[in-house]
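Reviewing the structure listed below.
Quick note: the coordinates plus some simple rules give every number you see, no bench work behind them. On a predicted model such as this, the values are computed, not experimentally measured, just so you know. In this analysis, Cβ positions are derived from the backbone assuming ideal geometry, glycine residues included, and neighbour counts consider all displayed protein chains.
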Amino acid sequence: MFSRNFKNLINEMCYWFTPKSSYYKSKGCCTIIRQNIVNQRISQYDLANNNIHILAAAVGWLSYSVYEKRYLVHAEAADKQLNKNQPKIPPKPDLPIYSSEEVSKHVNNETRIWVTFQHGVYDITDFVHEHPGGDQILMAAGNAVDPFWMLYSIHLNPHVLNILEKYRIGNLDPKDNNDVVSDMSDPFANEPTRHPLLKPASEKPFNAEAPEYILVENFLTPNDIFYVRNHLPVPDIQVDTYALEVEIEGKSKILTLSLDDLKKFPKHSVTSTVMCAGNRRSEMHKVKPVKGLNWGAAALGNATWTGASLREVLEAAGLSENEIDKYQHIQFEAYDTDTTGSPYGASIPIWKGVDRRGDVILAYEMNGETLPRDHGFPVRAVVPGVVGARNVKWLAKIIVASEESQSHWQQKDYKGFSPSTDWDTVDYSKSPSIQELPVTSAICQPMNNATVDVKDGKITAKGYAWSGGGQEIVRVDVSCDGGKTWHVAKFDFHDANKSPQHWSWTLWSCDLPVPKGTNKMEIIVKAVDSSYNTQPELFENIWNLRGVLNNAYHRIKVNLK
């Protein structure tokens, strides 16, 4: 049986030597594989310099025949494991029994708020104000949360269930229990296949990132390993029935566009980095627990997006230049919906969508290929310089409006707070929605805790840097002595566009001196953008209960030999 590290190597080989990804392969692919072998210390397989090329060729041939099968069964195997590990909530013989009809009468503060989950009945009245999605959980008031948690399976973990059990008041009548989800098919049954290299942060809905060391091998992130952030099941949309509605508030006419209609508009392309607000949340979580997916440093990617200009589409829908001041926002609604039929939604300030320099497009291509399902097929909004949550996928409707989107994800999520704000004092209405993201950077090679060869008294670090709002990265500083000395990194890939239309990340590298006799080292990085914004030193100073806006210095530790 192969070791875990060797299996990881095979997965990596499948990526580099599969024809599906050949367009994106780096000329240095064998170099990075060899470095990863060093990092993971797989010496027992005698994968030294001469043998690595032989192994690469062998695995390349092998992966050609087995890759497709492995690629297709990956999601299925993960789902089986998830179902196998799904927790069971048994009846408690010392508690009363309630029927579904009795539970249905408890839907507000006056009657108390009751919900059921599997065999349990829970009074969650006192819990609602502590729940980050209080308005969402109220959708299940007087009913079962089981269908909702089929969508949000992140709740199915011991920590959440232990909290829920504190509010248990009884057992659901057995004759009602069997009917809760018996007629519901799995909403995630028709998910797209995913590349084995993606590391899931959650399976249902699927959210995943690539290993950091591969992320910086390409200026344009390959579609297959571009991070995936889904809030709900991926909708299965057919091109021949697809329709996008464009509405101007106060006007009766609604413009409806098919994909072919959209393709008749002038074709525009923009190369833009898209990043999740929770990127690097795992680092903030170490300071103090936060609620959200435990992202590493790879919940972002850089791609060339192609489609129609949002500004030109709005003009076709009847928005004239002298009317723009009447409105404040552009709302987006998606085709992915929750159990109540409510769509994912978000909005951006109107100036971003109508300004020629905003570069907002309705994309149907990604890196020269048809937009993949996980990334919004057939059409998504691409809003350069703005948090990923506003780059709405599977676009169904656009509304030019006087108010922000009222969706949960605009009003009760993706907002920043003081480090002293907790779930007892948080008030989402007093915090603005995240739009442009702050400057950030990360070290991607070597990986944290890797073993690195010292050559000529130096080691090399590589990574990315990016800033929201179209700000250009002007400098990346790297230190290996706790910040006493800083080395200016060189830019390996840097887009020529200038601020405020610099939408892409910068890939950098830096040679760092290693004092003789040093066997361990911490590497620190910080970036500076064209407004001379830089990163804060410590996560303690920017901690927030939702774990967003994680842009403190990035730090890794390495072993040296």
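Relative contact order of segment 278-348: 19 percent, from C-alpha pairs under 8 Å at least 6 residues apart in sequence. Between VAL386 and GLY469, the built amide H atoms are under 5 Å apart, and every one of these is 5 or more places off in sequence or on another chain. For segment 433-473 and segment 180-256, what is the centre-to-centre distance using only Cα atoms, to the nearest Å? Rounded to whole Å, the Cα centres lie 26 Å apart.
Would you mind checking which residues have amide H under 5 Å from GLY170's amide H? H placed 1.01 Å from N; only 5 or more apart, or other chain. Here VAL121 satisfy the definition. Computed from phi, the 3J(HN,Hα) profile of segment 337-352 under the Karplus parametrisation 6.51, -1.76, 1.60 (θ = phi - 60°) reads 10, 8, 5, 8, x, 6, x, 5, x, 6, 8, 10, x, 4, 4, 5 Hz, with x in place of Gly and Pro. Across segment 359-453, C-alpha contacts under 8 Å between residues 6 or more apart give a mean separation that, scaled by the residue count, equals a relative contact order of 20 percent.
Judged by the gyration tensor of its Cα atoms, with axes a ≥ b ≥ c, segment 495-560 is oblate; a/c meets the 1.5 cut and b/c is at least as large as a/b. With K and R counted +1 and D and E -1, the other residues having a Cβ less than 10 Å from that of PRO205 yield a net charge of -1.
Using a cutoff of 8 angstrom between alpha carbon atoms and counting only pairs six or more residues apart, the relative contact order for segment 183-294 works out to 19 percent. For segment 446-561, the ratio of Cα radius of gyration to the globular rule of thumb 2.2 N^0.38 Å stands at 1.13.
Pairwise over distinct Cα atoms, reciprocal of the mean inverse distance: report the Kirkwood radius of segment 159-312 in Å, one decimal place. Walk me through the numbers before you get to the answer.
Working: mean 1/r = 0.0504 Å⁻¹.
One over the average 1/r among Cα pairs gives 19.9 Å for segment 159-312.
What the phi angles of segment 492-506 give under the Karplus curve with 6.51, -1.76 and 1.60, with θ = phi - 60°, is a coupling list of 7, 9, 8, 5, 6, 5, 9, 4, x, 10, 9, 9, 8, 6, 10 Hz, glycine and proline written as x.
Phi angles across segment 530-545 convert, under the Karplus curve 6.51 cos²θ - 1.76 cosθ + 1.60 with θ = phi - 60°, into 3J(HN,Hα) values of 6, 9, 6, 6, 9, 8, x, 6, 10, 5, 4, 7, 10, 3, 8, 5 Hz, Gly and Pro given as x.
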